[in-house]
Amino acid sequence: MKFNRVTALSLSLVLAFSLAACGQGASSASSASSASSSASSAAAESKTEEQLLAEENEILSANDALWEKVFSSMDKNVTETTLSTNYGDFLLNAVEKAKDQFSDEEYKTLTADAEKIRDIENQIAALAPADAAASGAAAQGTAFPKFEGSDLEGNPVDNSLFAGNAFTVVNFWFNGCKPCVEELDDLNDLNEKVKAQGGEVVGINTETLDSNQQGIDAAKKLLATKGASYRNIYFASGSEAGKFALNIMAFPTTYVFDRDGNVVGQPLLGGIDKEENLAALQKNIDAALAKDSAK
Amino acid sequence: MDKKKLNPLARFRGFIQAGATLLTNIHLPNFAKGTLYQGGGKYVCVPGLNCYSCPGAAGACPVGAFQAVVGSSKFRFSYYITGILILFGVLLGRFICGFLCPFGWFQELLHKIPSPKLSTKKLKPLRYLKYAVLLVMVVLLPLLAVNELGMGDPFFCKYLCPQGVLEGAIPLSLTNAGIRAALGKLFTWKACILLAVIVGSVVFYRPFCKWLCPLGAFYALLNKVSLFQMRVDTHKCVSCGACAKACKMDVDITKTPNHAECIRCGMCMKACPTDAIQYKFGLGDQSNTETTKE
């Protein structure tokens, strides 16, 4: 009997916690998302990176009050573009902008801190490729893996695809996925619209990988029915790019990549035939455009 | 607890349930990683109601897989999954509900939380609701409510299934920012259903199994013909009514030993003062075959 009570009590506690955790996650989703994703990816990677990150935090907390001032002066809208730039550079920039708020002495310590962080970031960046190859989850990292494939008509395509565009919207889908198929016409509209901005929409259908003829025929049919004429590409499923595509668990998922093939913002889950999803994707596109024009 | 020689299946039912839940969701590290197992095991269905999108899931949910196939433009009916379900049903029937289903176990654990317990005897008509869920949400709507390309939605999974929220949406959204950002009204609605089932399970015994579960409904249809049966020895029975009182699924086993609602939990066997109730597995006449040792 006592055992029953204990089980009951612990179960109810677990339930209460899980609900609390879930509620919090949902309410602060947008603000927490970048923080938690970086935390989880850090956990997946080697310890040295954790130590490096800890060092960064120490540097920042040593001059806590000063840095608080810098952070509060920052423009909140640029955070999405900064995800793929060196954090140290980003801090230097911010310090530079808020220069008039500090004395010379303070300015010097801040720039020195930021430079230290830039060095550490470079060390972390040097670690990253090894980790990305080691674990599949990390393959969904910040850049689209090197690939050589072709479009559904058989024309060869490779990573130079990204360099040719200011930004590339990559939509992952498969033939049996209803929400994926239902947004194909919207993606086509988007492709027509972003052409003028130097952007392109590209589809990757996971059933067409390894030039699976059945999958390609079905995909072509669906694209034709939905009046979608933008490029759809495939490559070998065993390649890094193939792993990237097959590691995606929710369809449709839509990424925005910059000219260098780096991910911009958070990938979008869900079809852009829904207004809020299209708005979320547009945010990523705007961030990519801003980044490209800043170059 | 009395010292009767209770059938080991009934005696260790809680452990069997825990073991089945663990085996059904064996890919435990995926919970921390927030990823799904996508290997060959997912081509096979597990017997119980267990979401495909649970990070730990070893196989596919039969109800989900059925809807996915029926709702696809390529097929009208899923012979493969229906076949597996009939096999499970004929072999074990609702024994699966009582022993192997993770969501059944979840509800039972919740029922252990001390609270006033309410009888469901007067709510028997609600039992038929689950057959409607099976027919309408699992078969008809995915088959008929299709877009111009012949693709339907998995209506039960999408709009009703609380197990999907518990095992899929909640653990995945905790570790995956993209999924967290995608949570919307549908998640809120299904979280409310889950909450209702949780609260309901504390005061009622297995409310979801009794009233809503389409998988339970399917196995219920096969319960009478399944190889796993209950046998009441009329010579030993003293008609005391203890079994009917003990039954939390509201079955009078002496009258209908293989009632569609019987989940073979064995509570009647525990309650029986004369050991008149036994499990029986296999073919043959109920009164003559000796399959369980006394």
Margin query: Counting C-alpha atoms alone, how compact is chain B: give Rg to one decimal and Dmax as a whole number, in angstrom.
Written below: 19.8, 64
Note to self: Could you work out the pair-distance distribution P(r) of the stretch A:142-294 from its alpha-carbon pairs, with 10 angstrom bin width and percents rounded to whole numbers?
What the structure shows: 12, 46, 37, 5, 0
Margin query: I'd like the mean, over residues of B:140-149, of how many other protein chain beta carbons sit within 10 Å of each residue's own Cβ.
Written below: 2
Notebook entry, point to check: Given charges of +1 on the Cβ of Lys and Arg and -1 on the Cβ of Asp and Glu, with all other atoms neutral, how large is the dipole of the stretch B:118-162 about its Cα centre, in debye to the nearest 20?
Noted result: 560
Next item on the list: Using only Cα atoms, figure out Rg for the stretch B:228-281 and give it as a multiple of 2.2 N^0.38 Å.
Entry: 0.96
Check: Along the positive direction of the dipole of the stretch B:102-169 (beta-carbon charges: Lys, Arg +1; Asp, Glu -1; about the Cα centre), which of B:102, B:143, B:165 reaches farthest?
Finding: B:102
Note to self: Based on alpha-carbon atoms only, what is the radius of gyration of the stretch B:33-179 relative to the globular estimate 2.2 N^0.38 Å?
What the structure shows: 1.13
Next item on the list: Using the Kyte-Doolittle scale, find the helices of chain B whose mean hydropathy is at least -1.0 and whose Cα atoms extend 24 Å or more along the helix's long axis, counting only whole DSSP H runs.
Entry: B:185-203
Notebook entry, point to check: Label-point separation (nm) for residue B:18 and residue A:146, each offset 7 Å from Cα along Cα-to-Cβ?
Noted result: 5.1
Margin query: Run through the stretch B:1-73 and list the chymotrypsin sites (Phe, Trp or Tyr not before Pro) located in a DSSP loop whose Cβ has at most 14 other Cβ atoms within 10 Å.
Written below: B:12
Check: Exactly which trypsin sites (Lys or Arg not before Pro) in the stretch B:76-129 are in a DSSP loop and have at most 16 other Cβ atoms within 10 Å?
Finding: B:76, B:117
Item checked: Violating pairs (Cα-Cα greater than 21 angstrom) within the set B:121/B:210; A:97/A:291; A:69/A:97; B:190/B:210; A:243/B:74 -> A:243/B:74
Checklist line | Full-extension gain in nm, residue A:163 to residue A:87, via 0.36 nm per residue minus C-alpha separation | finding: 25.0 nm
Check: Calculated from DSSP H runs of 4 or more alone, at -39500 (n - 2.57) each and per residue, what is the 222 nm mean residue ellipticity of chain B, nearest 500?
Finding: -11000 deg cm²/dmol
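No value in this document is a laboratory result; all are computed from the given coordinates. On a predicted model such as this, the values are computed, not experimentally measured, just so you know. Ideal geometry is used to build each Cβ from the backbone, glycine not excepted, and the neighbour counts take in all protein chains shown.
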